[in-house]
Amino acid sequence: MRAGTGNVPGKGGRVEEGRREQPPLPVGMRGGLRRLRSMLAEMGQALRHGPDRPRSLERIWVDPRQIRHAIIHPSDLLPDLAEGASDRPFWIARSWRGRVVTRAQFAAVEPHLRPLSHNIKLEACRRHWTEGIPWEATGVYESFFDCIREGRQKDECASREDVLERYARLDAIFAEVKAEGRLKSQMELFPHQDRELGGIEIHIGPDDEPIFGDSGNHRLAMALVLGLTRIPAMLGFVHEDGLHRLAEYRREREEETSPGNRRNRTPAATAVPAPLGG
C-alpha cells in the first residue's frame, strides 16, 4: 500500500507514520475488485496460452488417491512442525490461482511441499473417521480454543459450543457423503455460485502431479477415508510442464456430468480408507 492511503502496521503492530486510516471498502466493492482482478489476469493468460488456458477457480475432476503433497499453511501443520514455518509459500501459491507458472517460479514453493500426513486437519479426520478417536482427542480443538481465549474467531467459531457444533456438522456431512458415495461440487451445493469457489483446491504440478492447496481440508479427508476415486476440485495454479494435462482434468468433469455415468462413485460398503501421503 502506498504512503498516505491507509494505516499499515509495522513490526510490533505499530502504525507507520505519515499514513492515514481510511474506512474499509464495502463488501460488495471488495468482491467487485476481486472479480475485476481475476478477469484481467485471465485476459493476460488468454494472450499467453490461448483459449485453453487455465481459468481462476474453475472446476476440475481429480482422483484423490493420486494426491501425495500439499502446500500447507503453518496453522494447519502438526504442532511439532509448525514452529518457525513460513506462510509465504502458501500465499504465493494462492496468488497464482488460474495462472500457468514457470519452472523458475515453482522453485519458490517446491522446497516447501509437504506430505499430506503433515496436515493436522487431515490427520485428525483420518483418526476420527477410521479409528473412532473422539474429536477432542485428535488435537484439532486446541487451535480453536486458543483463538477463543484470545478473543478471536477461527472458521466463524467464537465459543466452545460453536466448535462442537462445527464438528458435529462435519460428522453429519461425512455420513451423507458415505451414503451417496460421492462429493457434490460447489456449484451443486450453491447453484448461484460462479465456478468452484470454496472447493478443494488442487494445483497441477510438474509431472502432472495434483498438489493440495490447503483449502477444503475436511472434504478431501472424507474422500480419502471413503476411498472415492473422483472428486470435484477448484483449480489453483498449473505448472508449465503440466499444462498439457489440463484438458484431461476437464474431460473428467464432462464424463462425470454425463447422464448415467457413475464412475466417480465408490460404494460406501466397499470403500477402503486410503493412507495419507507420507
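Some observations on this one:
- Ala85 meets the conditions (1) touching a residue at least 40 places away in the same chain (Cβ under 8 Å); (2) more than 14 Å from Phe237 (Cα to Cα); (3) in contact with a strand residue (DSSP E or B) (Cβ under 7 Å, 6 or more places away or on another chain) in every case but one. The failed one is (1).
- Selection status of Leu170, in contact (Cβ under 8 Å) with a residue 40 or more places away in the chain, surrounded by fewer than 22 Cβ atoms within 10 Å (Cβ to Cβ) and not assigned by TED's automatic domain parsing to the domain that holds Arg126: yes
- Qualifying residue in segment 184-199 (condition: within 20 Å of Leu224 (Cα to Cα) and among the hydrophobic types (A, V, I, L, M, F, W, C)): no
- Leu197 meets each of the listed conditions (1) of a type in the set (A, V, I, L, M); (2) surrounded by fewer than 18 Cβ atoms within 10 Å (Cβ to Cβ); (3) over 30 Å from Pro111 (Cβ atoms) apart from (3).
- Count of residues meeting criterion [surrounded by 18 or more Cβ atoms within 10 Å (Cβ to Cβ) and either farther than 23 Å from Ile71 by Cβ or modelled with pLDDT under 95 (or both)] in segment 125-140: 5
- Criterion: outside the structural domain of Gly216 (by TED's automatic domain parsing) and not in a helix (DSSP H, G or I) - qualifying residue of Gly98, Gly139: Gly139
- Just so you know, in segment 210-223 the residues that are surrounded by fewer than 24 Cβ atoms within 10 Å (Cβ to Cβ) and touching a Lys or Arg at 6+ places or on another chain (Cβ under 7 Å) include one that is farthest from Arg88 (Cα to Cα), and it is His218.
The rows are residues; the columns are (1) in contact (Cβ under 8 Å) with a residue 40 or more places away in the chain; (2) more than 20 Å from Asp207 (Cα to Cα).
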position	(1), (2)
Arg97	yes, no
Val109	no, no
Asn119	yes, yes
Thr130	yes, yes
Tyr141	no, yes
Ala158	no, yes
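- When segment 63-95 is limited to residues that are among the charged types (D, E, K, R) and part of a helix (DSSP H, G or I), the one that is farthest from Met222 (Cα to Cα) turns out to be Arg88.
- Val163 passes every criterion in (1) farther than 23 Å from Leu77 by Cβ; (2) touching a Phe, Trp or Tyr at 6+ places or on another chain (Cβ under 7 Å) apart from (1).
- Residues located in segment 148-195, provided they are part of a loop (DSSP other than H, G, I, E, B), at negative phi and of a type outside the set (Asp, Glu): Arg152, Gln153, Ala158, Ser159, Arg182, Leu183, Lys184, Ser185, Phe190, Pro191, His192, Gln193
- Within segment 104-119, considering residues that are assigned to a helix (DSSP H, G or I) and not hydrophobic (A, V, I, L, M, F, W, C), the one surrounded by the most Cβ atoms within 10 Å (Cβ to Cβ): His118
- Any chance Ala247 is at pLDDT 95 or above and out of contact with any helix residue (DSSP H, G or I) (no Cβ under 9 Å at 6 or more places or on another chain): no
- Identity of the residue in segment 175-194, free of Cβ contacts under 8 Å to residues at least 60 places away in the same chain and buried (at least 18 other Cβ atoms within 10 Å of the Cβ), that ends up farthest from the chain's Cα centre (by Cα): Val177
The values are calculated or read from the model by the stated rules, or taken from the named source; none is laboratory data. Quick caveat: nothing in here was measured; it's all calculated off a predicted structure. A quick note on method: Cβ atoms are made from the backbone with ideal geometry, for glycine too, and the neighbour counts reach across all protein chains shown.
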